[in-house]
Structure formats: C-alpha cells, structure tokens
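**Q** Okay, here's the structure, questions in a sec.
Where a number appears in this text, it was derived from the coordinates with a stated rule and is not lab data. These figures come from a predicted structure and were not determined experimentally. Don't worry about glycine lacking a Cβ; one is built from the backbone with ideal geometry, like all the others, and counts go over all protein chains shown.
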Amino acid sequence: MLSYLSKILTITLCLLGGTLTLYAQNEAGDATSDSSEYAQDTTGIIKEPWPLNKNGQPKGSQFLVLSGMRLGTDMRPLVQSMAEPNMSAYTLYADLMIRNDFFITGEYGRMDRTVENPDADFFRYRSNGAFYRFGVEYNVMKRSSIDNALSFGFKYANSTFDQSADFYSSGNGYWDEGATLKHLTEKNVNVDWYEITVSIKVVLIKNLTADFGFAYVIKKDFPATAITKAHIPGWYHNKDDRSRINFQYRLLYRIPFWPIYTEPRIKKKQ
C-alpha cells in the first residue's frame with residue numbers, strides 16, 4: 001500500500017513539474033513575440049553601414065555628421081570656351097554633405113575673355129580675372145533617396161578682374177586732330193552678388209553625379225567704371241543687368257570615404 005501511494009505521488013510530482021515547465025516556456029514565447037512585434041528597418045543603412053549608438057544616432061556626433069564630399073566642375077564655361085575662340089574659362093566645385101540634409105558648397109573659377117567689334121564704341125575689349133562662390137543648400141529628398149537630391153540654396157559670390165579696351169577717338173576738329181586709337185585700362189574691379197539656387201542631382205553611375213540647376217542672381221551696387229559693367233567672371237553675361245537667371249550643368253564625383261548616413265525608421269510588423 002505504501003509503495004502504491006509512493007508511485008502515485010511520484011507520478012503527480014512529475015506531471016506538475018512538466019506542466020510548470022510548459023507554462024514557463026509559453027510565457028517566454030509570448031514575451032519574445034511581444035518584443036519582436038516592432039522591428040527596426042535598417043534597409044537604408046545596410047547599403048553603407050554607419051556605427052550607431054543606442055539612440056540610433058551616429059556614434060560620437062550629434063547634428064554635424066559628415067557623410068560625403070563631392071568634387072567637380074561646371075560644364076558651361078568649358079563649353080563656352082570651346083565655342084568661343086577668344087574665351088578661356090573654368091569653374092571648380094566642391095561640397096560637403098552633412099547628414100544628406102545640407103550641402104555646404106564652394107566654387108572657384110577664372111575667365112579670360114576678349115571681344116572684338118569694329119562697329120562698337122570699343123574696338124577691342126578684354127576681361128581677365130577670378131571669382132569665388134560659397135553657400136548652403138537644403139536637400140528636400142533626404143528621406144526618399146540617399147543618391148539623388150533636390151535642393152534649394154542661398155549663396156554669396158565675389159569677382160575681381162581687370163578690364164581694358166581699345167577705342168577710336170573721333171578727334172577734335174578745332175585743333176585739327178584726326179581720329180586716333182586709344183587704350184583704357186582698369187585694375188581690380190570688384191563685384192559681388194547673391195544667388196538663390198535650385199538644383200537637381202542625379203546619380204549617373206556609382207559616385208558620379210550630374211547636377212542640373214539654375215540660380216537667380218542679384219548684383220549689389222557696381223563700382224564706378226569708365227569702360228563697361230559686362231563680361232564679369234562668374235557672371236558670364238554680356239549685358240549690364242542687375243539681376244538675371246544663370247544655368248549650370250555640373251559633373252560631380254563623390255569621394256567614397258564616408259557612408260551616407262540616413263536615419264533608421266521604426267515600423268510595425270504586419
């Protein structure tokens with residue numbers, strides 16, 4: 001009788017232990033299911049991983065995250081130089097990509113241009129100098145693409161150049177002076193202006209980007225000059241306008257030193 005009761009007690013304890021074990025496993029499974037209900041979508045980071053901290057931000061930084069640098073040139077002055085035999089110009093471009101949100105841009109260029117027109121007031125005119133331009137652009141496509149961009153910006157530009165002109169003087173009939181060819185030169189003429197820009201950047205192949213855009217440029221007061229206010233390096237226009245629209249077509253190469261940082265999104269599993 002005692003051995004029979006002992007067997008029943010042993011079987012009961014075993015069943016109770018198994019039940020508790022299954023209950024604990026079920027509870028653990030439910031907790032795992034609940035914890036995995038939300039998962040981090042890191043598809044934007046897998047392509048070019050960036051070490052993140054527990055808050056999903058790049059380690060060791062807050063807002064100013066350098067995520068790329070691009071170098072390139074504006075094709076417009078190069079095309080003009082090939083089309084016009086008396087013009088030589090180029091523009092070098094660089095930008096720093098901050099979190100794929102902002103582009104800090106800078107440009108430097110030179111122009112040497114000669115214009116000859118026997119029927120104009122100036123028989124021969126030459127402009128020779130350099131310019132620089134810098135500013136910031138904001139990328140409104142920062143969340144939808146890590147390659148292409150649509151940006152709006154504001155920039156400041158300054159140009160310093162020399163200009164000269166050969167012109168005919170009609171002479172003075174009272175003193176019996178005939179028409180003569182005279183020469184006039186002005187050094188270090190300085191002009192600055194502001195630009196409001198719109199730019200579309202499209203990746204052609206890996207790290208190579210085409211940048212199409214235009215800028216509404218507004219000149220500040222032009223210094224007094226005895227020759228002309230046209231043919232300004234960086235302005236590339238032969239009219240005396242205070243404002244106009246300039247177009248550019250740049251080819252940019254992204255130096256692949258840094259990954260492009262994009263913020264991970266949290267989404268609920270279906």
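**Q** How far apart, in nm, are two points set 7 Å out from the Cα along the Cα-to-Cβ line at Met82 and at Ser144?
**A** Between Met82 and Ser144, the simple spin-label model gives 3.3 nm.
**Q** Under a crude label model (7 Å from the Cα following the beta-carbon direction), how far is Asn190 from Tyr216 in nanometres?
**A** 2.8 nm
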